[in-house]
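Enquirer: First the structure, then my questions, so here it is.
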Amino acid sequence: MTVLISGIRRRQAEARIAQRPGLLVYGLLSAILVASLFPFYWSFLIGSGNGGTLSDTSMSWWPGGNFLHNAAAVINNESVNFWKALTNSIIVSTVVSASVVFFSTLAGFAFAKGRFSGQKGMLLFVIGTMCVPTQLSVVPLFIAMSTFGWTGTLGAVIIPGLVTAFGVFWMTQYIAQALPDELVEAGRIDGASMFRTFWHIALPAARPAAAMLGLFTFIMTWTNFFWPFIVLNQSNPTLPVSLATLQANYFVDYSIVLAGVLLATVPLLVLFVFAGKQLVEGIMHGAVKG
Amino acid sequence: MGFDNFTFVLQQRQFWVAVRNTLSIFLVSAVPQLIFAIVIAAVLDNNLRNKTFWRMSVLVPFVVMPVAVALIFGSMFGERYGLVNRTLAHVGIAPILWHTDPFASHVAIATMVNFRWTGYNALILLAGMQAIPRDLYESAAIDGAGRINRFFRITIPQLRPTLIFVIITATIGGLQIFDEPRLYDQNGLGGENQQWMTMTIYLYKLGWTQLNFGRAASVAWLLFVVIVAIGLVNLAITRRIASNEGPAN
């Protein structure tokens with residue numbers, strides 16, 4: 001009898017927890033959605049107006065018709081260097097993310113499946129560097145770049161970013177649990193070299209984590225400002241650097257500044273439409289393991 | 001020789017102003033950000049229709065570069081014509097001096113940071129919430145614990161490892177803040193009276209406008225010290241909060 005009652009109670013409790021949420025939850029979610037999207041709408045609202053829109057006290061909530069005009073003003077501004085910045089951002093983000101994925105998977109494979117002396121210590125050292133702020137490396141790195149004569153070139157942004165501690169840590173974790181030791185041994189017994197084993201066995205097994213790492217690195221590199229701002233200049237900028245120039249030029253005309261902001265934001269928004277789902281999964285997946 | 005740069009920096013009033021601003025912006029952003037992230041995660045942790053859509057909707061701000069976020073919000077926080085002050089005027093609140101007043105400028109900058117990171121952290125916390133065994137909730141429900149009670153007695157204590165992770169990463173990132181304050185005005189040096197000059201802006205100023213790399217590097221080391229110190233304080237606080245609210249410990 002008690003068993004029966006507790007069974008019924010349990011089912012009621014389960015039902016209470018699993019039930020579909022009500023209007024309140026969807027209301028809250030909609031409010032969050034509006035808060036997420038409002039800044040984009042606001043940028044379009046101001047970016048489609050004219051120099052006076054922001055200070056117009058009777059400002060309309062309906063966009064004006066000047067967006068293309070303002071966008072053209074951004075693109076044609078010589079010191080903003082928009083096309084160059086866009087091309088540079090694409091080059092830097094693509095090369096850096098491809099390279100981070102390659103080297104991190106390689107190192108991750110070695111740390112997860114290799115046997116060599118100092119393995120644990122080296123991995124700990126790599127993880128330890130994640131706690132060191134960028135600021136600490138900025139001065140010596142800048143002096144190095146100046147010595148090499150690389151300041152102002154894309155190499156100064158790409159080369160220090162070719163591999164990251166986070167990437168190595170991430171791939172080590174993933175390969176350790178996703179790639180069975182037997183598979184690696186089988187490859188070695190069949191006479192495959194270490195690199196062939198990596199290329200034909202480890203790399204395919206690591207694909208989901210590698211894709212996530214690539215996506216993440218691409219976004220981080222695209223949005224990065226501090227280091228490119230220090231080491232690049234207006235004649236050879238990435239997008240964030242040229243947005244900073246745009247603000248310095250047009251400090252009164254927010255319609256042009258925000259039109260530029262939208263132009264610089266659209267590429268990642270498009271990426272988000274296609275890869276947002278993977279990004280969400282990657283963040284949630286990494287969190288559980290991390 | 002040796003520690004001259006540190007002695008110099010530590011004697012500068014501007015350095016201590018920068019420390020104050022960095023800590024203030026960090027607190028003003030991190031505390032509400034964490035609370036909102038937990039609430040958003042709890043809302044997302046329902047049996048929703050179109051889960052992926054709602055999860056993606058909180059992550060959109062993450063793909064906007066901080067520089068762009070700073071410019072967008074900068075246009076809203078104008079002292080005379082800003083959207084925020086105009087809205088406040090509608091409800092009869094006097095305009096807030098978002099650039100002149102140090103604390104107000106910290107609030108504005110914290111808003112930018114939170115726009116970009118709250119949803120991201122909410123997803124990490126959501127993952128943590130989903131890893132909590134469901135029978136914990138069931139037995140609590142059988143014992144008659146309501147929604148709110150279950151949240152504080154089960155969710156928060158069970159979430160502790162995830163909370164520690166989120167707080168540590170937010171601390172490391174938050175104390176390094178540069179992009180948003182750099183673009184909060186056209187000069188980028190933290191305001192006329194250093195109202196929002198952070199440690200990293202001070203570092204930049206020493207290194208790249210005064211061309212004194214030694215002093216800049218010593219600020220970098222001091223920033224590292226601050227990060228480690230705040231990280232340890234956070235760890236202690238998180239330990240205490242989470243174990244005090246635990247059901248049986």
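Enquirer: Would you confirm, using the coordinates I've provided, whether B:ASN50 is out of contact with any Lys or Arg (no Cβ under 7 Å at 6 or more places or on another chain) and either within 30 Å of A:ASP253 (Cβ to Cβ) or at pLDDT 95 or above (or both)?
Expert: When the stated conditions are applied, B:ASN50 does not pass them.
Enquirer: Which residues, taken from segment B:149-175, are in contact with a helix residue (DSSP H, G or I) (Cβ under 6 Å, 6 or more places away or on another chain), within 30 Å of B:GLY78 (Cβ to Cβ) and at the interface with chain A (Cβ under 10 Å from one of its Cβ atoms)?
Expert: B:LEU175, the sole residue that qualifies.
Enquirer: Being touching a Pro at 6+ places or on another chain (Cβ under 6 Å) and under 14 Å from A:TRP42 (Cα atoms) is the filter here, so list the residues in segment B:57-113 that pass it. Even if it seems obvious, please write down each step before you answer.
Expert: Taking segment B:57-113 as the starting set, the residues that turn out to be touching a Pro at 6+ places or on another chain (Cβ under 6 Å) are B:65, B:67, B:72, B:85, B:109.
Within segment B:57-113, just B:ILE72 meets the criteria.
Enquirer: At least 2 residues that are closer than 28 Å to A:HIS285 by Cα in each: list the helices (runs of 4 or more DSSP H) lying fully within segment B:132-224 that qualify. Spell out the reasoning first.
Expert: Details: elements: B:134-142, B:147-150, B:160-175, B:179-182, B:199-204.
The qualifying helices (runs of 4 or more DSSP H) are B:134-142, B:147-150, B:160-175.
Enquirer: On to the next question. I'd like the full set of residues that are surrounded by 23 or more Cβ atoms within 10 Å (Cβ to Cβ) and outside any helix (DSSP H, G or I), limited to segment B:65-78.
Expert: Answer for segment B:65-78, where residues must be surrounded by 23 or more Cβ atoms within 10 Å (Cβ to Cβ) and outside any helix (DSSP H, G or I): just B:MET65.
Enquirer: Filtering segment B:205-242 down to residues that are polar (S, T, N, Q) and surrounded by 14 or more Cβ atoms within 10 Å (Cβ to Cβ), which residue is farthest from the other protein chains (Cβ to nearest Cβ)?
Expert: Per the criteria, the residue is B:THR238.
Enquirer: Pick out the one residue from B:ILE154, B:ILE148, B:ILE201, B:ILE177 that is in contact (Cβ under 8 Å) with a residue 12 or more places away in the chain and more than 29 Å from B:HIS99 (Cβ to Cβ).
Expert: When all the criteria are applied, what remains is B:ILE154.
Enquirer: Sort through A:THR197, A:THR151, A:THR223 and tell me the only one that's of a type in the set (S, T, N, Q), buried (at least 19 other Cβ atoms within 10 Å of the Cβ) and touching a residue at least 40 places away in the same chain (Cβ under 8 Å).
Expert: Working: A:THR197 fails: touching a residue at least 40 places away in the same chain (Cβ under 8 Å); A:THR151 fails: buried (at least 19 other Cβ atoms within 10 Å of the Cβ).
Of the residues listed, the single one that is of a type in the set (S, T, N, Q), buried (at least 19 other Cβ atoms within 10 Å of the Cβ) and touching a residue at least 40 places away in the same chain (Cβ under 8 Å) is A:THR223.
Enquirer: Output the residues belonging to segment B:41-85 that are among the aliphatic types (A, V, I, L, M) and more than 8 Å from every other protein chain (Cβ to nearest Cβ).
Expert: Within segment B:41-85, B:ALA41, B:ALA42, B:ALA70, B:VAL84 meet the criteria.
Enquirer: Name the single residue, out of those in segment A:120-151 being within 14 Å of chain B (Cβ to nearest Cβ) and not in a helix (DSSP H, G or I), that is modelled with the highest pLDDT.
Expert: This residue is A:THR151.
The values are calculated or read from the model by the stated rules, or taken from the named source; none is laboratory data. Note that the structure is a prediction, hence the values are computed from the model and not measured. Cβ: placed from backbone, ideal geometry, glycine included. Neighbour counts: every protein chain shown.
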